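Only one structure is covered here, and it is reproduced in the block below.
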Amino acid sequence: MDLEIQGKTAVVTGASAGIGFAVAEELLANGTRVLIIARDEGRLADAANKLALTAAGRASDIVALAADVSKPQSAQLIVDRAIETFGGLDILVNNAGRAHAGGLLTSTDKDWEDMTGVKLTSMRRLCKAAIPHMQKRKWGRIVNMSSIGGIYPNPKLFVSHVLSGAINNLTKSLALEVAKDGILVNAIGIGAVATDNWANNMVPAVRRARADFADLSDDDVIARISAECTPVGRAGSAREIAAIAAFLSSNRNGFVTGDTIEASGGADRFM
Ligand SMILES: NC(=O)c1ccc[n+]([C@@H]2O[C@H](COP(=O)([O-])OP(=O)(O)OC[C@H]3O[C@@H](n4cnc5c(N)ncnc54)[C@H](OP(=O)(O)O)[C@@H]3O)[C@@H](O)[C@H]2O)c1
């Protein structure tokens, strides 16, 4: 399917790895120019080099900016760079983030503040900075990465899932505010997807709860817990989420807005 986004311009946050990298790859393959964001400069440069292969012959279509989206000044810096580099901004994919495993009683004020900064406050700021540029063109697409826990909360992931609920609410509310401007805003309620985020933030908590997994490698822990919790019997891949994000970001999507698409292999929990 031609997504009809050739020549459009996009910002993808958290694009040096995992789902964000796959989204940038998909948008580039469809002819979009992409500014990728992450904190670690080395990993970001490696990602940009790999993505340049996807954008073969269009090296200037991939640009990288090292920034921490949780910092107050980052949103304006990122949008300004997109405008300076590409002359406009059509697509924003708010993907940067991670999971925080634990319940209310085991999470600290710092956990709450850090997670809110990276997941929710950054989205609010980036949407606010990007939308005036989309309004100028009477066209825009925003995709916010949420979690299946925003719909079916799991107390083992209290902070992440409360914030996912807030992301879904932000998405719906913003979609209604800007629908008249040709801007569509959606979220993806992601289930278990095998990425570094899972290995770093979920596997240690799974291991604490499951003595029977003691002898398994991290990859095998992810495979076993995903098979147990996911009706399709496996973890999802970053490419499967990227395909949904690319459609929602495209001109082929004209009528889906304010929605949170469940992309969890049928699961209502992943731990
Ligand atoms: N994988 C899952 O099962 C799953 C499930 C539900 C929701 N999600 C959500 O999907 C999104 C992508 O997750 P993933 O699994 O692809 O994670 P990942 O593989 O760990 O990649 C995360 C990306 O975000 C960047 N990042 C993290 N914090 C950042 C910050 N403060 N500022 C800028 N960039 C930042 C990372 O690079 P640096 O560290 O260099 O900054 C990296 O590029 C996240 O928002 C996550 O919460 C994932």
Amide H to amide H, which residues 5 or more places from Ser147 or on other chains are under 5 Å from it, using H placed in the peptide plane? Ile190
The helix 158-178 Cα axis meets the longest alpha-carbon principal axis of the chain at an angle in degrees, between 0 and 90 and rounded to 10, of 20 degrees
Relative to the longest principal Cα axis of the chain, at what angle does helix 122-137 sit, 0 to 90 degrees, rounded to 10? 30 degrees
Mean Cβ count within 10 Å, highest first, over the residues of peptides 228-239, 209-220, 191-202, 157-168: 157-168, 191-202, 228-239, 209-220
Nearest 0.05, what FRET efficiency do Leu104 and Arg234 give at R0 = 41 Å with Cβ-Cβ as r? 0.85
May I ask for the net charge around Ala75, where only other residues with Cβ less than 14 Å from the Cβ of Ala75 are counted and Lys, Arg are +1 while Asp, Glu are -1? +4
If you fit an axis through the alpha-carbon atoms of helix 238-248 and take the longest principal axis of the Cα set of the chain, what angle between them do you get, 0 to 90°, nearest 10? 40 degrees
Would you mind getting me the FRET efficiency between Ala29 and Ala66? Use the beta-carbon distance for r and R0 = 30 Å, nearest 0.05. 0.80
When a/c reaches 1.5 or more, the comparison of a/b and b/c decides; with that in mind, is the range 193-235 rounded, prolate or oblate per its Cα gyration tensor? oblate
What is the sum of charges, Lys and Arg at +1 and Asp and Glu at -1, for the other residues whose Cβ falls under 13 Å from the Cβ of Ala47? -2
Mean separation of Cα pairs under 8 Å and 6+ residues apart, divided by the residue count of the range 193-235: what relative contact order is that in percent? 37 percent
Sorted on mean Cβ neighbours within 10 Å (highest first), peptides 107-113, 121-127, 43-49 come out as 121-127, 43-49, 107-113
Heavy-atom accessible area per residue, the chain, 1.4 Å probe: how many Å²? 44 Å²
Applying the gyration tensor rule to the Cα atoms of the chain (axes a ≥ b ≥ c; rounded if a/c under 1.5, else prolate if a/b exceeds b/c, else oblate), the class is prolate
What is the sum of charges around Asn251, taking Lys and Arg as +1, Asp and Glu as -1, for the other residues whose C-beta is under 14 Å from the C-beta of Asn251? +2
For Glu240, tell me the accessible area in Å² from a 1.4 Å probe, rounded to the nearest 10. 80 Å²
Measure off, as a whole percent, the carbon and sulfur share of the 1.4 Å-probe accessible area of the range 122-203, all protein chains present. 57 percent
Can you work out the FRET efficiency for the pair Glu4 and Ala211, with r the C-beta to C-beta distance and R0 = 51 Å, to the nearest 0.05? 0.45
Straight-line reach check, Lys180, cutoff 29 Å on alpha carbons, 8 or more apart in-chain or any other chain, hits among lysines -> Lys8, Lys119, Lys128, Lys136, Lys138, Lys172
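The values are calculated or read from the model by the stated rules, or taken from the named source; none is laboratory data. These numbers come from a predicted model, not from an experiment. Please note: Cβ atoms are built from the backbone with ideal geometry, for glycine as well, and neighbour counts cover all protein chains shown. With ligands, DNA and RNA removed, areas are computed over all heavy atoms of the protein, side chains included. Shrake-Rupley method; radii C 1.70, N 1.55, O 1.52, S 1.80 Å.
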